[in-house]
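Before any comments, here is the structure.
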Amino acid sequence: MRRKHGFWIGFVSVFRGLGVTLLNLVGRRKVTVQYPLERPKVSPRYRGLFYLPFDEEAGRLKCVGCTLCAQACPTKVISMKKLGSGKHAGVSEFTMDLGRCMFCNLCIEACPFDAIHMGPEYELASYNRNASVFTIVDLAPGGAEAVRRNNATIEAAIKAENETGGSERKGHIAEVKLVVPPKTGGQEA
Amino acid sequence: MRAAGGDGIEALAWQAGPRQQAESLRMRVSARVLRDVCRTLRDHPDLRFDYPGDLCGTDLGSEIHLWYRLWSHEHGRSAIIDVILPSSDAVVPTVSDIWPGYDWHERECFDMLGVRFEGHPRDGDPARMRILLPEDWEGHPFRKDYQPVFSGDPLHGPQETN
Amino acid sequence: MAAANMTAGQDRRAVAAGQITAGVILLAALLALASVGYHAVERVRDTPVVAFIGEHPLLNAFAKSFIVANFVTLHVLFLIWWERKFAGWMQARLGPKHVGWNGLAQTVADAVKLLLKEDIIPAKADGRLFVIAPFLVFMPTLLTFMVLPFSASWVGYNFGLGALFALAVSTNVSLGILAAGWGANNKYSLLGGARACAQVLAYEVPLAITVLAVVAVSGTVSLVDIGAQQSRWWNIVAHAPVMIPAFVLFLICALAELNRTPFDLPEAESELVSGFHTEYSGMRFAFFYLAEFANNFFMAGLAVTLFFGGWFGPLLPGPVWFTIKTVGLVTAMMWIRWTVPRFRVDQMMGFCWKVLVPASLVVFCASALWGMWVQR
Amino acid sequence: MAGSEAAQVRLEPDGGMTVNLGPQPPSTHGVLRLMVQLDGEYVRSCEPVIGYLHRGLERMFEARPYRQLVPFTDRLDYLASLNCNLAMSQAIERLGSVAVPERAQYIRVILCELNRLASHLVFFGTFAQDVGATTAFLYAFRERERILDLLEAMTGARLTYNWIRPGGVPADLPEGFAEGVLSFVRDLLKELPLYDRLLTNNPIFRMRTEGVGVISRDVAVAFGASGPVARGSGLSYDIRKTEPYEVYDRLDFDVPVYDEGDCMARYRVRMDEMCQSARILEQCFRDLPEGDIATKMPKVFRPPAGDAYSRTESPRGELSVYMRSDGSPNPQRVHVRAPSFVHLSMLPCLLRGVKLADVIAILGSLDTVLGEVDR
């Protein structure tokens, strides 16, 4: 059973408590990070804003538009337009509606080509919901220029293949919209 | 045990739990004898399932499956009761007076599946029986045939806030 | 990562050391300035204009009120900053940092913000009471400062019954709080107001008895005289056997009078949102805040006068010493505030009537005997 | 004087007053609303109103394949989301009879115990805040910040980790993690006595918590209380001991039990549990075997029809997941038994006749998280 505390023990323990706060007042490092001025260093595994790695050697984004990430996504964040097919498949559009994203890492684990990553960028708040929709231009590290190079490389490769290869693989610049997030929520159904 | 439920007990078996867990008693009873069975389960010295673990209702289409799980602190084993009800007339006697802990579980079950718990302190007053949903909610959303009414797209609703 | 942290830590330590040095230099400069200012003021006192003001009853009253009102308002700006900074350091934080040197002007910015805010009066509130309540709280506070002796001559009104006057006036704060709690027509406010009223009235009893204990030892009710008696030894040293318990009781009652933790029940944040000033915003809220801190300073000042030798101290002039001691005592109250939890309402009342009142009576009797013995 | 021109606070005929605590007060730990009938400072009756955070998670589970369920569990008990991840993953594993590699089990235990520490630290801070001590809150959060940093290094997230998956864990421990955790544990064990000095022994804190909100052993059993609430009522019930999962049966730790059943007992159970969690962590790093960290799960996971039940000891109590499969890629029904839900249901009977200030203290001592209450 619990001991009933006496007056003096209680009296003294108040001062012991005061000692703890005094210790923290003078003896401890302050831990505040002055956020907008100082920036916290995030860990290498940090799950921040997505990016689509660019393959400098091949001159294109690594993404081949296989939609595995879109299928793995629990909240249907990802939609994309495939560009080309077979060996030279890529994406011309890749849109993520981060307003719904849970940053759960499932899309990244689903990707067999290591073509989608999460970076250290963590300031993702915006003043309206449209601003949380990130297109391929926002997600590719080089922006519009990278997307242009990506599209040019893939189109050139397909063209070259069409010229050399057989007739059965012709005309593969058709753009297919593969995954479209359902218009109404997708939360219930 | 059989004596308490009579012919209301449709199946009764000891099951080994997953891994090294203690064995559990699993039974299927009809709603008619549920209260008697529960009382026996709680009071019988060899059973003493005194801890209300969980209650989960599942809509199987034409039937609603209620799943009670109990635990005995004294013997360190659990019991599972399955009750099958017809969807159209889902009424089951309450056990919230046997284990007060089932009060809110039953309310939740009513809220989500529309199962009536006869004898529950709030039985017959749907507005007060509702627990998670607003009092004026219509329908029971965990029924498979429930059609959600969208008042607007929650994520793509009003866009401009500034 | 660890290495980065360490260098960051060293940087930070260097910065902190710099800040502390700067703070000490600034404080020294401030004290020097205050001393110089004191002597300047003392000299100005003798000029014919000031002498004329001093002799004219109306002008005299007006000038003194002006000085006191300004002092109360301005020192609170500093106290609030100090409280926030102190609490921050105690809680492993930095406290205000951005407006001015180490956030020194933060309170000014806040005050400006509060004054510019819309004056909201809830539709269902009792308009007149709601409007007047902050001033009802603030007025007694101002009045009490009139008798607070910053030195033998620096006192608004050298009143023979100073100690009693201060106690009598400061109790009226509860009237304003009750008006605020009732007038806002909010259940939290009502509860807060009721608690505040009960608490202030109850703790007034042991507080007054403890002050009487000092009076019994000193043999005078005038605050100036009580202060003047301590030119050699502070009361708490000279009459240690009775004055130390008296001071502890006084401190506890003062905390309760000031509605500060552990007695912050009237505005208990976790229970009553913010108690009697839940509905207040803008300027009126600022007045509550002002009154709270001004009261804090007054109570500490009273304690300094009663127990800690008033304005006496080496080197520096009297008013400066008085201010230093008072701020130190205010800091001690802040220290308590940020350490201990809050009482429950019945425990708070029980503590007052069952512990403090008997204890203060005992201390009072002991002081009376001690006083007789000392005088003999 | 007053009341002539304005309607004053409405009182009931007998002088009672209904106060709506919530859903956004500073102290109900989330969007809980308490309709409290007051008689002066005394509580006549109290009715908790929940559902403000109801997202229909259980229904959302039914519309998703098994592999996509775990991220949603982060949103159940958001102070200990790894423990929720674990409960869900275990249910899926039991449904499909998936074995988990031993190393993964150890890592899971490490993650769960770290999260338990973080959760209990939040409890310590908020409970202190509830009874009016402000500073303890920041000390607790300072320590918790280090756990979050560690978990961020491990999982990449700071609150919604989603790092325990059906089959194992998605990635191994990062470099320096073990040293980081062990040094943190050492520091925490040094810090805990200071907490005791600051708060536990404080006479005001003891007055506020001792004998307040007493739950007798019988009541705790009848309501199905679990976790620290049950253990504070003298019920030695810890699922890590009674039905050990993962590798808890191989670890040596005690279950702190206090008989008083009041707020102080629940508080002490949690404080003692922090020491036990520290012990568990040390043992885990000592015994951590080499090996795989996950069993490969099929792309489309179709468990056989049937049901499975996984019980885990979350920081709040018995968190268990009932899962029913009809053989399709999506579960037929997922039900989460949230300890906070059960504990909240005790509130009306606990709060009768206490004082208003005790309402907050009792609620704080139950340590409910509305994310899992409302689901």
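The values are calculated or read from the model by the stated rules, or taken from the named source; none is laboratory data. Bear in mind that the values here come from a model prediction, so they are computed numbers and not experimental data. FYI the Cβ positions are ideal-geometry reconstructions off the backbone, even for glycines, and counts take in every protein chain you see. To get the accessible areas, we keep the full protein, side chains included, count just its heavy atoms, and leave off ligands, DNA and RNA. Shrake-Rupley method; radii C 1.70, N 1.55, O 1.52, S 1.80 Å.
Summary table below
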item	result
Condition check for A:ALA72: within 13 Å of another protein chain (Cβ to nearest Cβ) and buried (at least 20 other Cβ atoms within 10 Å of the Cβ)	yes
Pick from segment D:291-311, criterion among the charged types (D, E, K, R) and modelled with pLDDT under 85, ranking: most open to solvent (accessible area, probe 1.4 Å)	D:LYS296
Any hit, segment D:61-75, residues being of a type in the set (Gly, Ala, Ser) and open to solvent by 10 Å² or more (accessible area, probe 1.4 Å)	yes
Every residue from segment B:127-140 that is closer than 15 Å to B:GLU106 by Cα and open to solvent by less than 100 Å² (accessible area, probe 1.4 Å)	B:ALA127, B:MET129, B:ARG130, B:ILE131, B:LEU132, B:LEU133, B:HIS140
Test: residue in segment C:273-280 that is buried (at least 23 other Cβ atoms within 10 Å of the Cβ) and within 16 Å of D:GLY132 (Cβ to Cβ)	yes
Residue under evaluation C:VAL237, criteria (1) touching a residue at least 12 places away in the same chain (Cβ under 8 Å); (2) over 30 Å from C:ILE121 (Cβ atoms); (3) not in a loop (DSSP other than H, G, I, E, B), criterion not met	(1)
Scope segment D:175-202; condition within 10 Å of chain A (Cβ to nearest Cβ) and open to solvent by 30 Å² or more (accessible area, probe 1.4 Å); matching residues	D:GLU175, D:PRO193, D:ASP196, D:ARG197, D:ASN201
Matching entry among C:ALA92, C:ALA32 (being within 14 Å of chain D (Cβ to nearest Cβ) and either surrounded by fewer than 18 Cβ atoms within 10 Å (Cβ to Cβ) or farther than 23 Å from C:PHE297 by Cβ (or both))	C:ALA92
For D:GLU102: the one exception among (1) away from chain C (no Cβ under 14 Å); (2) surrounded by fewer than 22 Cβ atoms within 10 Å (Cβ to Cβ); (3) closer than 30 Å to B:PRO141 by Cβ; (4) of a type outside the set (Phe, Trp, Tyr)	(3)
Selection from segment B:36-58 of residues that are open to solvent by 10 Å² or more (accessible area, probe 1.4 Å) and either assigned to a strand (DSSP E or B) or touching an Asp or Glu at 6+ places or on another chain (Cβ under 8 Å) (or both)	B:ARG42, B:ARG48, B:ASP50
Matching residues, segment C:56-89, being under 30 Å from A:TYR35 (Cβ atoms) and away from every other protein chain (no Cβ under 14 Å)	C:VAL76, C:LEU77, C:PHE78, C:LEU79, C:ILE80, C:TRP81
Selection status of D:LEU76, under 22 Å from D:THR295 (Cα atoms) and either touching a residue at least 60 places away in the same chain (Cβ under 8 Å) or facing another protein chain (nearest Cβ under 9 Å) (or both)	no
Count of residues meeting criterion [free of Cβ contacts under 8 Å to residues at least 40 places away in the same chain and either surrounded by fewer than 22 Cβ atoms within 10 Å (Cβ to Cβ) or among the charged types (D, E, K, R) (or both)] in segment C:292-314	3
All helices (runs of 4 or more DSSP H) inside segment D:62-165 with 3 or more residues being among the aliphatic types (A, V, I, L, M)	D:81-96, D:102-130, D:135-155
Residues (open to solvent by less than 30 Å² (accessible area, probe 1.4 Å) and closer than 25 Å to B:GLY76 by Cα) located in segment D:203-222	D:ILE215, D:ALA220, D:VAL221, D:ALA222
Breaking point among (1) more than 16 Å from the chain's Cα centre (by Cα); (2) farther than 21 Å from C:HIS277 by Cα; (3) open to solvent by less than 70 Å² (accessible area, probe 1.4 Å), for C:THR107	(2)
Subset of segment C:224-259 (residues that are of a type in the set (D, E, K, R), surrounded by fewer than 20 Cβ atoms within 10 Å (Cβ to Cβ) and under 17 Å from C:ALA166 (Cα atoms))	C:ASP225
Residue satisfying all of: in segment D:312-353; farther than 18 Å from D:ALA220 by Cα, touching a helix residue (DSSP H, G or I) at 6+ places or on another chain (Cβ under 9 Å) and not in a strand (DSSP E or B); least open to solvent (accessible area, probe 1.4 Å) among these	D:PRO331
Residue list for segment D:257-290, filter: part of a loop (DSSP other than H, G, I, E, B), open to solvent by 20 Å² or more (accessible area, probe 1.4 Å) and either within 14 Å of chain A (Cβ to nearest Cβ) or among the acidic types (Asp, Glu) (or both)	D:VAL257, D:TYR258, D:ASP259, D:GLU260, D:GLU290
